[in-house]
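Working notes, beginning with the structure itself.
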Amino acid sequence: MATCTIPAIPNKDVSGDNLYAPRICNQPFIDWAWSAHGFSKKYWDDGFGYEAVCNNNLPLCRTLSGIWLLNYSADDYWNEQWSNNILHWGRRYVRNQIDDLRAKCGDGSAIATAFSGFLGIGRRVELYLGFFYSSNVPARAETLVHEARHMGGKSHNANFPPGSAYGAGRSGADSSWGYNGAWMYGALYLWWFYADGRRTTAALRQSARQRANFVIDNAFATHPGFTIS
Ligand SMILES: [Zn+2]
């Protein structure tokens, strides 16, 4: 990559990249995902993977793996009605809200940023190295759902609580589970993926439960009052 380098890549069996990469390596899927989420070559070439879409060391493949999981983890994934659960409609929400998806370096630890745009100007979601390399495949789907919620008009509205791993007192938390914000959407997606995810492994489902509980324990000013057991 022109301005950043790939960090040490975590074990790809553990992250799910070895499971999902062969699935995204399919031209009709790539073509569909590319246009449905607003990828463009100028943001995904130059080392981000445009020239090697099936290479699961590179950001494009790892992003498409998150999109594949987001789209095909419900048993009957084609039933994406809002009346169903988020394992079904998460993919539809992300498609509706994200129409410009860009790869960038970020500062090394940053995950993603949503720019909802005044009057829609500059409306986009940027994904960074933390998304590509420190998140496993289910957590990438979580981030897409989280950022889509921002694009849908819901900002964070509180500071992180005492003891939060995100930094007590810093802004970026949601006030409560009932606020229905980005943290809740992401955690709810992971919860359903844990409870009823298909075409995946028991280990990845467990990782989703752990990650959802981490969000529940750290990202709400008022603790939701439950954990996923
Ligand atoms: Zn956020």
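The values are calculated or read from the model by the stated rules, or taken from the named source; none is laboratory data. Keep in mind the model is a prediction, meaning the values are calculated, not measured. Here Cβ is always computed from backbone atoms with ideal geometry, including for glycine, and neighbour counts include all displayed protein chains.
Restricting the search to strands (runs of 3 or more DSSP E) fully inside segment 71-190 and requiring at least 1 residues that are within 16 Å of the ligand (Cβ to nearest atom) and within 28 Å of Ser40 (Cα to Cα) gives 101-103, 112-115, 124-127. Residues considered: Ala168, Ala202. Of these, the only one that is surrounded by fewer than 16 Cβ atoms within 10 Å (Cβ to Cβ), free of Cβ contacts under 8 Å to residues at least 24 places away in the same chain and either under 27 Å from Tyr77 (Cβ atoms) or touching a Cys at 6+ places or on another chain (Cβ under 9 Å) (or both) is Ala202.
Tyr20 passes all but one of (1) buried (at least 19 other Cβ atoms within 10 Å of the Cβ); (2) part of a helix (DSSP H, G or I); (3) of a type in the set (Phe, Trp, Tyr); (4) without any contact (Cβ under 8 Å) to a residue 60 or more places away in the chain; which number fails? Of everything listed in (1) buried (at least 19 other Cβ atoms within 10 Å of the Cβ); (2) part of a helix (DSSP H, G or I); (3) of a type in the set (Phe, Trp, Tyr); (4) without any contact (Cβ under 8 Å) to a residue 60 or more places away in the chain, Tyr20 misses just condition (4). I want to confirm something. Restricting to segment 78-101 and keeping residues that are in contact (Cβ under 8 Å) with a residue 60 or more places away in the chain and surrounded by fewer than 18 Cβ atoms within 10 Å (Cβ to Cβ), which single residue is farthest from His156 (Cα to Cα)? Within segment 78-101, the match that is farthest from His156 (Cα to Cα) is Asn85.
Assessment of segment 28-35 against the conditions (under 25 Å from Ala110 (Cβ atoms) and modelled with pLDDT of 95 or more) yields at least one matching residue.
Results for (1) within 27 Å of Ser116 (Cβ to Cβ); (2) in contact with a strand residue (DSSP E or B) (Cβ under 6 Å, 6 or more places away or on another chain), shown as yes or no for each residue.
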| residue | (1), (2) |
| --- | --- |
| Asp17 | no, no |
| Asn26 | no, no |
| Lys41 | yes, no |
| Phe48 | yes, yes |
| Pro59 | yes, yes |
| Trp68 | yes, no |
| Ser83 | yes, no |
| His88 | yes, no |
| Gln97 | yes, no |
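If you go through segment 39-62 one residue at a time, do you hit one that is part of a helix (DSSP H, G or I) and of a type in the set (S, T, N, Q)? No, segment 39-62 contains no residue that is part of a helix (DSSP H, G or I) and of a type in the set (S, T, N, Q). Tell me whether segment 125-141 contains one or more residues that are touching a Pro at 6+ places or on another chain (Cβ under 9 Å) and more than 29 Å from Cys25 (Cβ to Cβ). Within segment 125-141, none of the residues are touching a Pro at 6+ places or on another chain (Cβ under 9 Å) and more than 29 Å from Cys25 (Cβ to Cβ).
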